Amino acid sequence: MIPELLAPAGNMEKLETALRYGADAVYCGVERFSLRALAGNLTMPELLRGCELAHSQGKRLYLTLNAYLRQDEEQLARQLLQELLQVPVDAYILADPGMLSLVRQIDPEREIHLSTQANTTSAAAAFFWQSQGVKRLNLARELSLTEINSIRANSQVELEIFVHGAMCMAYSGRCLLSAGLSGRSANRGACSHPCRWKYSLQEEARPGEYLPIEEDGRGTYIFNSRDLCLIEHLPELIGAGIDSLKIEGRMKSLYYVAAVTRVYRAALDAWRDNPDNCQVDPQWLRELEAVSHRPYGTGFLFDHDHAFVHAEDSLYSRDCDFVGIVREALPEGCWLVEGRNRIQNGDRLEIIGPAMRQAELVFVGAFDAQGGKVETVQPNAMVHMRLPDGTRPGDLLRRWRDPVT
């Protein structure tokens, strides 16, 4: 059976994009208790609209409430759960036993999924959470494929793992570094990512003299992690009996959500159509290089993996700039396009859509609403453009930084 593809929805636009580009389900948050305080998050009316949209397509929406409650937050949590009683989200994603207890008191029929923040690492833990009414576990990212297979063989609960996105340096993401250095707690959804800052070492008696922090021949570093990318290992994960494959990134861009989701959708569909001889399409790898990311790795999935913390892993790279989104069809073969980055006359662009659909074009100008010629499209500008046949609303425009080979 093909696993569910679960994509991030940091705001309503990203939710719509994730569904359009192939997600079977989305996960999102509201203002409180969702561990992404700096994401756009959804208002209650948007959450209702998101549920309606997902369900109209036969898809699912999960709400993250995976913060650990402080003593003075219980009443706020109770109020929120009361507000959510009439909202048809398909499951809550929780980590805190206290929040689980409140849900069982207030909304006992609601399906519960356990967050990776709970760091489930064994079949014994899986059995415990299942006994508490949890239907699905997002396993700890520290597990190897061998351990995942063993947990699957010795438990009945649904299993979910992350397959793509940022990796936190702390155990299952439970980090105090941001709180200590910036006063913004990662465990309250406000991480300032100090593990990505540049550091140097200075001896007290030698002010101004900075010393290297030697680790190995690959460089000097303290803590930096690669991004997770398991696109080449989906058959092993499917063989391990994983029920849901999750993409990280509620704070990532709309373009990231679209590009990554469509690649994993294509890969899963390819396996469904030919499970015995599914091959990695080079285009999938090319597409994943086109989004902003740190160097990719497989995390802890394979027992033989070397340490994945290196100096260069702090640096983001991307091969493309996201420059526009197609909003709607206009008369006479034109399209309304919203600029997201500057587009200049002569730029070679690529338009991408769901199901790995894409086409190339050269920008030779656009028109404003009054019919005036536009030689350069500025960010947030709304312009009329002629685009290739097959274009649809929600398609994205991008510009490769180097010529495509």
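The values are calculated or read from the model by the stated rules, or taken from the named source; none is laboratory data. Given the structure is predicted, the values throughout are model-derived calculations rather than measurements. Note that we place each Cβ from the backbone using ideal geometry, even for glycine, and neighbour counts take in every protein chain shown. For the accessible areas, the whole protein counts, side chains as well, though only heavy atoms, and no ligand, DNA or RNA atoms are used. Shrake-Rupley method; radii C 1.70, N 1.55, O 1.52, S 1.80 Å.
Worth pointing out:
- Considering only residues in segment 255-297 that are at pLDDT below 95 and touching a Ser or Thr at 6+ places or on another chain (Cβ under 9 Å), the one that is most open to solvent (accessible area, probe 1.4 Å) turns out to be Glu289.
- Residue in segment 91-98 that is open to solvent by 10 Å² or more (accessible area, probe 1.4 Å), within 15 Å of Val26 (Cα to Cα), assigned to a strand (DSSP E or B) and in contact with an Asp or Glu (Cβ under 8 Å, 6 or more places away or on another chain) present: no
- Segment 226-243, subset in contact with a Lys or Arg (Cβ under 7 Å, 6 or more places away or on another chain) and open to solvent by less than 20 Å² (accessible area, probe 1.4 Å), residue farthest from Ala123 (Cα to Cα): Asp227
- Residues that are open to solvent by less than 20 Å² (accessible area, probe 1.4 Å) and modelled with pLDDT of 95 or more were ranked within segment 129-143; the one that is farthest from Leu114 (Cα to Cα) is Leu139.
- Residues of segment 355-377 that are surrounded by 13 or more Cβ atoms within 10 Å (Cβ to Cβ) and within 19 Å of Ala290 (Cβ to Cβ): Met356, Arg357, Gln358, Ala359, Leu361, Phe363.
- Tabulated pairs, segment 244-271, first at positive phi, second assigned to a helix (DSSP H, G or I), C-beta under 6 angstrom, 6+ apart or interchain: Gly249/Tyr256
- The residues in segment 331-340 that are at pLDDT below 95 and open to solvent by 40 Å² or more (accessible area, probe 1.4 Å) can be counted, and the count is 3.
- Filtered residues of segment 51-75 (kept if of a type in the set (Lys, Arg) and surrounded by fewer than 17 Cβ atoms within 10 Å (Cβ to Cβ)): Arg70
- Test: residue in segment 314-333 that is in a strand (DSSP E or B), β-branched (Val, Ile, Thr) and closer than 17 Å to Arg20 by Cβ: yes
- Restricting the first member to segment 319-343 and to residues that are within 14 Å of Leu397 (Cα to Cα), and the second to residues that are open to solvent by 40 Å² or more (accessible area, probe 1.4 Å) and basic (Lys, Arg), the beta-carbon pairs closer than 6 Å and six or more apart or on different chains are Asp319/Arg401; Asp321/Arg399; Phe322/Arg340; Val323/Arg340; Val323/Arg399; Gly324/Arg340; Leu336/Arg327; Glu338/Arg327.
- Residues of segment 117-139 that are under 19 Å from the mean Cα position of the chain (by Cα) and under 15 Å from Ile151 (Cα atoms): Asn119, Arg136, Leu137, Asn138, Leu139.
- Whichever residue in segment 1-28 is of a type in the set (Ser, Thr, Tyr) and over 21 Å from Glu158 (Cβ atoms) and, among such residues, is surrounded by the fewest Cβ atoms within 10 Å (Cβ to Cβ): Tyr21
- Residue satisfying all of: in segment 99-128; in contact with a strand residue (DSSP E or B) (Cβ under 7 Å, 6 or more places away or on another chain) and among the charged types (D, E, K, R); least open to solvent (accessible area, probe 1.4 Å) among these: Arg110
- Residue count for segment 110-119, restricted to those that are at pLDDT below 95 and touching a helix residue (DSSP H, G or I) at 6+ places or on another chain (Cβ under 7 Å): 3
- Subset of segment 1-58 [closer than 14 Å to Val89 by Cβ and of a type in the set (D, E, K, R)]: Glu46, Arg49, Glu52
- Condition broken by Ala67, with the remaining ones in (1) modelled with pLDDT of 95 or more; (2) of a type outside the set (Ser, Thr, Tyr); (3) part of a loop (DSSP other than H, G, I, E, B) satisfied: (1)
- Tally, over segment 12-64, of residues that are over 19 Å from Gly394 (Cβ atoms), of a type in the set (Ser, Thr, Tyr), within 18 Å of the chain's Cα centre (by Cα) and in a loop (DSSP other than H, G, I, E, B): 1
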